[in-house]
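Shown next, in structure tokens, is the structure this report addresses.
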Amino acid sequence: MTETKAKTRSGAKPKPKPKRRFSPEVRRSMILDAAAEMVEREGIWQITMERVAKHADISKSLIYKYFDNIHELLRELLKRELAHLRHTQFAAAEEADTFEELVRGITKTFLRNISEKGLLIEQLQADPAISQTDDPTAFDRDVAVEYLAGIVNRNFDIPMETARAVTDISFGVPTAAGSYLLRNDVDKAELEDITVSMIIGSINGIRDDYMIRKRKLKR
């Protein structure tokens, strides 16, 4: 019998293991990870600083050294998740040689994000106190819409104002597909194909139907 076991059996409590020290950047990321797991599992409405601290295995006082309140914490989480998603989508767009490859790359990264994190971004954006930000560097929807609308304008000969509208509206298609993916046992590759066809089909419809019907009559 070892000396440690003997002391434990005699009633002496074993010393708790010292907690690891992390850099402020790593600790901040761990807090955001803990909050993300909670939002994915139960939504945002019951999340508190105390509960996030417990899930991150830190003290209540320590979490307040990184974030003043729960809204600031969740805004930082939304900013991080949007930045990651937009970076991966822009990277996929830059690698594309055809319009289909562009739409497929963006759709694939979005559905992969949904598979891994659920509707995390959508849940955070649903709360105006979280989604509103004055940070001009935030990777928001408008930046992505403007970028993709320019591509639609140049490749489909659709006026920029119309291209901007159809691009913005088409953003709802992958979101709906992601929600469908979470609720149903469906082949992700097939769902990706359907989503890509719906997006490209809507743009073709604008060019081949809507724009023609809006032209001035030639008499």
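The values are calculated or read from the model by the stated rules, or taken from the named source; none is laboratory data. Bear in mind that the values here come from a model prediction, so they are computed numbers and not experimental data. In this analysis, Cβ positions are derived from the backbone assuming ideal geometry, glycine residues included, and neighbour counts consider all displayed protein chains. For accessibility, only protein heavy atoms count, side chains too; no ligands or nucleic acids. Shrake-Rupley method; radii C 1.70, N 1.55, O 1.52, S 1.80 Å.
General remarks:
- Any hit, the stretch 80-101, residues being acidic (Asp, Glu), modelled with pLDDT of 90 or more and under 20 Å from Met38 (Cβ atoms): yes
- Tally, over the stretch 57-89, of residues that are of a type in the set (Val, Ile, Thr), over 22 Å from Arg112 (Cα atoms) and in contact with a helix residue (DSSP H, G or I) (Cβ under 6 Å, 6 or more places away or on another chain): 2
- Test: Gln123 is under 30 Å from Ile70 (Cβ atoms) and open to solvent by 60 Å² or more (accessible area, probe 1.4 Å): no
- Hits in the stretch 169-195 - residues which are over 17 Å from the mean Cα position of the chain (by Cα) and free of Cβ contacts under 8 Å to residues at least 60 places away in the same chain: Ile169, Arg183, Asn184, Asp185, Val186, Asp187, Ala189, Glu190, Asp193, Ile194
- For the stretch 63-111, the candidate set comprises residues that are acidic (Asp, Glu) and part of a helix (DSSP H, G or I); within that set, the residue that is surrounded by the most Cβ atoms within 10 Å (Cβ to Cβ) is Glu81.
- If you go through the stretch 144-168 and pick out every residue that is under 21 Å from Phe90 (Cα atoms) and either free of Cβ contacts under 8 Å to residues at least 12 places away in the same chain or surrounded by 15 or more Cβ atoms within 10 Å (Cβ to Cβ) (or both), you end up with 16.
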